[in-house]
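The values are calculated or read from the model by the stated rules, or taken from the named source; none is laboratory data. Because the structure is a prediction, the values reported are computed rather than measured. So basically every Cβ, Gly included, is an ideal-geometry build from the backbone, and we count neighbours across all protein chains shown.
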Amino acid sequence: MSLPKGNAVVAQSGGPTVVINASLAGVVEAIQQSGLADSIFGARHAVRGMLEGDFTDLTSLDGAALDLIAQTPGASLGSSRDKPDEEYCKKIFEQLSARDIRYFFYIGGNDSADTCRIVSEVAQQAGYELRAFHVPKTIDNDLVLNDHTPGFGSAARFVACALLGDSLDNRALPGIKIDVIMGRHAGFLTAASALARTEHGTGPHLIYLPESTFEIDRFIADVDRVYSKEGRCMIAVSEGIHDAEGTSITQMLAEQLSGSVERDAHGNVQLSGSGALGDYLARLIRERLGEKLRVRADTFGYLQRSFADCVSESDRREARESGRAAVQAALDGHEGASLTLRRTSDDPYTIEYVPVPLQEVARKTKVMPASWIQDGCDVTDEFLSYVAPLVGELPRIGSV
């Protein structure tokens, strides 16, 4: 089997995570060890850096430097939210071909898989041999064909730890507390808050996910039921909850307040970075159940993506191995692929890395199975069994 000779480029795209740099380290070290490419370039700020010719040489990074990078949150190369179309990718290709780049490794979500696909097709049209590989990353855990994605386990651990502590706060000063958690279409991250439940009465009483229709009257009734019984109520809610017509509650609020909504380059309504949803739900509770109730709301926003002290060790290990597996796919002769993580055993927990065609992952979204959602306001034990090994052991607490 003959592999193309030349150089490689690696880049990071979309929202950073606490382990995305572990994937970067995995790609670089695997290329160094295998000799797949002569030189290794890093593109700063993803496709934007490629477009502008902003590359840095990673060829000589030593093991100690790579280990330190692998433990660093955020995206060391910088990221981008640009959504490349074919014309954009043609300009990227010009920059890559000028540097004799034959291997393209892109760490990101489903849009990143699609970028790999487009760049690969542009190269084919030009008769240029370029092999593109997508390395999975997203805290939303919404990549199809993957059991889970690097970045999710650590973000889920942050959510579980946050709800563990927040519920103890709520128990000390009883009231109604709402925590708004990332998740536009997939509720995996919000669902992970259920891991905070212990025999000490911690964790959320109610969990609302975007896979279920959010009904205001049902929500108020749920809160009233829990508060009447417990004297307090902890609520975890995904930022992407929507009404029966599929309109996100956050979008509805934005349109009511300003008549327009902010969208990113991918056409998605901006949901994070605003406390509007939490404030709205808190106001509804006071209006319906009593103005004197102690109701508070927090929006986690970007903290859950790259919180340095909440890393899942299995997440970091798998992120690094995903980068190495992408290089191995190139060495095995794949002309392009998206690496997927497949669970092979629950006890003991084990996974394998399987390359699949880019188009099977690109621009597709995985959501929580209906069988993992209970009564529209909770999750099942089956989900908890699924997510527990991805998060790891949580802090132990006591009670008097």
Can you name every residue in segment 281-306 that is farther than 15 Å from A70 by Cβ, buried (at least 19 other Cβ atoms within 10 Å of the Cβ) and under 28 Å from the mean Cα position of the chain (by Cα)? L281, A282, A297, T299, F300, Q304, R305
With the requirement that a residue be in contact with a Ser or Thr (Cβ under 9 Å, 6 or more places away or on another chain) and not charged (D, E, K, R), what does segment 28-43 give you? V28, I31, Q32, A37, S39, I40, F41, G42, A43
Name the one entry in A236, A162 that is surrounded by fewer than 24 Cβ atoms within 10 Å (Cβ to Cβ) and closer than 18 Å to V391 by Cβ. A162
Suppose the filter is in contact (Cβ under 8 Å) with a residue 12 or more places away in the chain and of a type in the set (D, E); does D179 pass it? yes
Count - residues of segment 377-393 that are within 22 Å of A186 (Cβ to Cβ) and assigned to a loop (DSSP other than H, G, I, E, B): 3
Would you check which residues across segment 5-28 are farther than 23 Å from S154 by Cα and surrounded by fewer than 24 Cβ atoms within 10 Å (Cβ to Cβ) and list them? K5, G6, N7
Of the conditions (1) modelled with pLDDT of 95 or more; (2) surrounded by fewer than 16 Cβ atoms within 10 Å (Cβ to Cβ), S2 satisfies every one except a single condition; which number is it? (1)
Looking only at segment 40-72, and only at residues there that are in contact with a Lys or Arg (Cβ under 8 Å, 6 or more places away or on another chain) and in a loop (DSSP other than H, G, I, E, B), the one that is nearest to A22 (Cα to Cα): Q71
From the list S97, S80, which residue is part of a helix (DSSP H, G or I) and among the small types (G, A, S)? S97
The condition from (1) in contact with a Lys or Arg (Cβ under 6 Å, 6 or more places away or on another chain); (2) at pLDDT 95 or above; (3) of a type outside the set (A, V, I, L, M) that P369 misses is numbered (1)
Which of the residues that make up segment 109-153 are hydroxyl-bearing (S, T, Y), crowded, with 23+ Cβ neighbours inside 10 Å and assigned to a loop (DSSP other than H, G, I, E, B)? T138, T149
Which condition number does D169 fail, the rest of (1) without any contact (Cβ under 8 Å) to a residue 24 or more places away in the chain; (2) within 22 Å of E291 (Cα to Cα); (3) not in a helix (DSSP H, G or I) being met? (3)
Looking at the structure I just gave you, is R316 modelled with pLDDT under 95 and under 16 Å from the mean Cα position of the chain (by Cα)? no
